[in-house]
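The values are calculated or read from the model by the stated rules, or taken from the named source; none is laboratory data. It should be emphasised that the depicted structure is a prediction, and the values quoted were computed from it without experimental measurement. No Cβ is skipped: glycine too gets one built from the backbone with ideal geometry, and neighbour counts run over all protein chains shown. Only protein heavy atoms, including side chains, enter the accessible area calculation; ligands, DNA and RNA are left aside. Shrake-Rupley method; radii C 1.70, N 1.55, O 1.52, S 1.80 Å.
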There are 2 protein chains.
Amino acid sequence: MNALSLDRLETPCLLLDEERMAANIARLKKHLAILNVPLRPHLKTAKSLDVARLLMQGPKGPITVSTIREAEYFAEHGVCDILYAVGITRNKLERASVLRKQGVDLSVVVDSIPAAQALVSHAREIGDRIPALIEIDADGHRSGVRLSDSEMLVEIGRLLHEEGILKGVMTHAGDSYACRNMEALVSAAEQERAITVACAQALRVSGLPCSVVSIGSTPTAHAARDLTGITEVRAGVFVFFDLVMAGVGVCSIEDIALSVLATIIGRQHDRGWIIVDAGWMAMSRDRGTGKQQTDQGYGLVCDLNGDAYPDMLMLEANQEHGILGVRPGSEAILPNLRIGDLVRILPNHACATAAQHDVYNVIMRDSKHQVQARWTRFRGW
Amino acid sequence: MNALSLDRLETPCLLLDEERMAANIARLKKHLAILNVPLRPHLKTAKSLDVARLLMQGPKGPITVSTIREAEYFAEHGVCDILYAVGITRNKLERASVLRKQGVDLSVVVDSIPAAQALVSHAREIGDRIPALIEIDADGHRSGVRLSDSEMLVEIGRLLHEEGILKGVMTHAGDSYACRNMEALVSAAEQERAITVACAQALRVSGLPCSVVSIGSTPTAHAARDLTGITEVRAGVFVFFDLVMAGVGVCSIEDIALSVLATIIGRQHDRGWIIVDAGWMAMSRDRGTGKQQTDQGYGLVCDLNGDAYPDMLMLEANQEHGILGVRPGSEAILPNLRIGDLVRILPNHACATAAQHDVYNVIMRDSKHQVQARWTRFRGW
């Protein structure tokens, strides 16, 4: 496509700053290279082949996905080493096996006897032995078997191993999102590593194989100082970063590669409001920074260069309207923006905001923020 | 399609109870028929031709939309009386005029001199005189000109009228969502009516035409006792209803027609958690009930018949994981659900939850909740 300046776009739409993204990708890859552990990028954030190609070690993967749809999409485009990292259900096994018949090395995740039994039954009935990782609960965040439940862990492991489908263990240190400083992050990363490695060890001392020891979250991936015993790291949001990650402390506001372009459609001067044509449909309803020290509302407002206005937030969001104003308590003065002017709004949560859009408008700083490409996204299950 | 039982669906997916929806539609239509005011349904909630056909007076409309994409989609399917109810921006005028050239009677909304001037310039440069409504701020919710700013109102009106494009006034009483009892709702509805009619009158006494006096929100549409002076009512979420509307008091839980079907993928017994394969990607991040008297978390959990379990909520949502548990403070006991079982989850906000999906799985109670049809949705701008 020919380069297009931002004022030629229809709003609202999603902008992706390619240089920031490239720097974000390089940063994690460099860190993991020093720790000598490969990355299995989580593509639930990007859901885009163009972004995937910049992330993957090679055209065949490996990758992590959060839906069978993602697995199918990337498989269609040649990726063949895929971990589906949400506990598998019986109603998804058919599509999983179709992919595997096509030559895709698709692995799945279980954290209970019934789920393991479903995989074993499927293998016996359909003849497709789908390799499985046992999910470990390293921090009480969500799913997984605990290290203290090592009997259960070994029982699940034995069930899978008898069918020849035990591949290893995996965890997601989701509670690291609640960390607020580097010390806490380093400690969360070490806890994630140590517990997952200990679970792998518990399987091995029971005579079970455990070739894969997989961990992952953007905060812990960046904070890890040592990854002894870990065979791969999964992370997704590090590609774009967002206000939540800035609040956690793993990036700065200036690293955030994703923003929503919006047009000013109205003003309510005495209330200090500027109304834009981007509401929650464009930003998502994600208010992840609401629990953090600095609440960024529905997003931090920037000028067309992507530089933040002081303390200017999207205070409220309706479906297709956003209300911009000054952060409560701040004495900042609203910029002199007029109806028809454009702003860029940084998201709380890149995964959620990107999910509201079907296209990334890819911009490059050294071309004065012109749109250089349009990359498509997909969605669904 | 052949009828399909719910346990044959892949999860997560969106269910639409056709009988509940039909009753919801009939209820508002009956109410407005008594008040003798036509409905211009807002299709931002449904974004579906199948639903639109059940809502519209006839195949040609009238309808309300929140994006040009919606206008284009419904116009492709024969609808030709369309109000685009978000303040118009210059970057959308081209597509608006393309629709009008195709014979669509598309009107737009402005609430400022610059926006009115942009319409006038467009008419002079392109030759397309797009009819406009002036948006009125009836309750301080968001956009619009206030009754106390009648000078501004008349100035905008005169600008539009000189170009022959002044069609009338419109408002959206969005603050009615904050009402908590019928008395407050009735009062909000009367305020919406009275202020909008007074603004129409202010235009008329200045010698300006005002043929359309349009109001709308689901709570005020249902609560209105008298609509003297109003020429049309817009409403959208009344079709499906949701937990927020139940909290406002305009429907009961049993009226909610939309739910998300999910599969149980794990349990954390000692934490009282049940994990399902529906997270915020399926439910949206909307937490509208968080500000209401009864906080329903990310949704209220029901059995396969759509009957709510006592005090069982989606307490937390990650991208593709939901954590179900008992409402904080409740002594209810979790139902004995096993891994692989299905549940249905009622949404906070029907517009936001439906927006996460591309298909409605239409179920009918008298056929034991079998899926009778699949209706597609669209999205984008």
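Taking the options A:11, A:64, name whichever one is in contact with a Gly (Cβ under 8 Å, 6 or more places away or on another chain), at pLDDT 95 or above and of a type in the set (Val, Ile, Thr).
Checking each option against the conditions leaves just A:64.
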Quick one: residue A:69 ticks every box in (1) closer than 29 Å to residue B:10 by Cα; (2) away from chain B (no Cβ under 14 Å); (3) under 17 Å from the mean Cα position of the chain (by Cα); (4) surrounded by fewer than 24 Cβ atoms within 10 Å (Cβ to Cβ) except a single one, so which number is it?
(2)
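Say whether the condition of being open to solvent by 20 Å² or more (accessible area, probe 1.4 Å), within 23 Å of residue A:8 (Cα to Cα) and in contact (Cβ under 8 Å) with a residue 12 or more places away in the chain is met by at least one residue in the stretch B:76-83.
no
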Within the bounds of the stretch B:167-182, is there any residue that is modelled with pLDDT of 95 or more, more than 14 Å from every other protein chain (Cβ to nearest Cβ) and open to solvent by less than 40 Å² (accessible area, probe 1.4 Å)?
yes
Among (1) touching a Gly at 6+ places or on another chain (Cβ under 7 Å); (2) modelled with pLDDT under 95, where does residue B:216 come up short?
(1)
So which pairs qualify, if the first residue must be in the stretch A:32-43 and touching a residue at least 60 places away in the same chain (Cβ under 8 Å), the second must be among the acidic types (Asp, Glu) and part of a loop (DSSP other than H, G, I, E, B), the Cβ gap must be under 9 Å, and the two must be at least 6 apart or on different chains?
A:35/A:226
For the list (1) under 26 Å from residue A:239 (Cα atoms); (2) out of contact with any Pro (no Cβ under 8 Å at 6 or more places or on another chain), I need the number of the one condition that residue A:336 fails.
(1)
Tell me yes or no: at least one residue of the stretch B:202-212 is farther than 30 Å from residue B:314 by Cα and touching a Pro at 6+ places or on another chain (Cβ under 8 Å).
yes
Can you tell me which residue within the stretch A:277-298, out of those that are within 7 Å of another protein chain (Cβ to nearest Cβ) and not in a loop (DSSP other than H, G, I, E, B), is surrounded by the most Cβ atoms within 10 Å (Cβ to Cβ)?
A:280
Please verify whether the stretch A:362-377 includes one or more residues that are in a loop (DSSP other than H, G, I, E, B), within 14 Å of chain B (Cβ to nearest Cβ), closer than 29 Å to residue B:111 by Cα and in contact with a helix residue (DSSP H, G or I) (Cβ under 9 Å, 6 or more places away or on another chain).
no
Residues that are polar (S, T, N, Q), part of a helix (DSSP H, G or I) and within 14 Å of chain B (Cβ to nearest Cβ), drawn from the stretch A:1-24
none
In the set B:338, B:377, B:365, which member is open to solvent by less than 30 Å² (accessible area, probe 1.4 Å), touching a residue at least 12 places away in the same chain (Cβ under 8 Å) and charged (D, E, K, R)?
B:377
Inside the stretch A:179-195, can you point out the residues that are over 19 Å from residue A:228 (Cα atoms) and either in contact (Cβ under 8 Å) with a residue 60 or more places away in the chain or not small (Gly, Ala, Ser) (or both)?
A:179, A:180, A:181, A:182, A:183
Counted residues, the stretch A:191-240 - those being acidic (Asp, Glu) and not in a helix (DSSP H, G or I):
2
For residue B:113, indicate whether it is more than 13 Å from residue B:71 (Cβ to Cβ), touching a residue at least 24 places away in the same chain (Cβ under 8 Å) and open to solvent by 10 Å² or more (accessible area, probe 1.4 Å).
yes
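One line per residue, one yes/no per condition, for (1) within 14 Å of another protein chain (Cβ to nearest Cβ); (2) farther than 19 Å from residue B:351 by Cα; (3) assigned to a loop (DSSP other than H, G, I, E, B); (4) open to solvent by less than 20 Å² (accessible area, probe 1.4 Å):
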site	(1), (2), (3), (4)
B:247	no, no, no, no
B:264	yes, yes, no, yes
B:275	yes, yes, no, yes
B:305	no, yes, yes, no
B:313	no, yes, no, yes
Name the single residue that is nearest to the other protein chains (Cβ to nearest Cβ) among those in the stretch A:25-57 being open to solvent by 20 Å² or more (accessible area, probe 1.4 Å) and small (Gly, Ala, Ser).
A:26
Return the only residue of A:301, A:343 being open to solvent by less than 40 Å² (accessible area, probe 1.4 Å), assigned to a strand (DSSP E or B) and within 14 Å of another protein chain (Cβ to nearest Cβ).
A:343
Name every residue in the stretch A:141-155 that is in contact (Cβ under 8 Å) with a residue 24 or more places away in the chain, surrounded by fewer than 24 Cβ atoms within 10 Å (Cβ to Cβ) and not in a loop (DSSP other than H, G, I, E, B), in order of residue number.
A:147, A:150, A:152, A:154, A:155
Looking at the stretch B:324-340, which of its residues are within 14 Å of chain A (Cβ to nearest Cβ), assigned to a loop (DSSP other than H, G, I, E, B) and not hydrophobic (A, V, I, L, M, F, W, C)?
B:336, B:338, B:340
Here is a check on your reading of the model: is residue B:203 under 30 Å from residue B:94 (Cβ atoms) and either of a type outside the set (S, T, N, Q) or out of contact with any strand residue (DSSP E or B) (no Cβ under 9 Å at 6 or more places or on another chain) (or both)?
yes
What's the total number of residues in the stretch A:336-370 that are over 24 Å from the mean Cα position of the chain (by Cα) and at pLDDT 95 or above?
7
Conditions (1) open to solvent by less than 40 Å² (accessible area, probe 1.4 Å); (2) over 22 Å from the mean Cα position of the chain (by Cα); number of the one not met by residue B:158
(1)
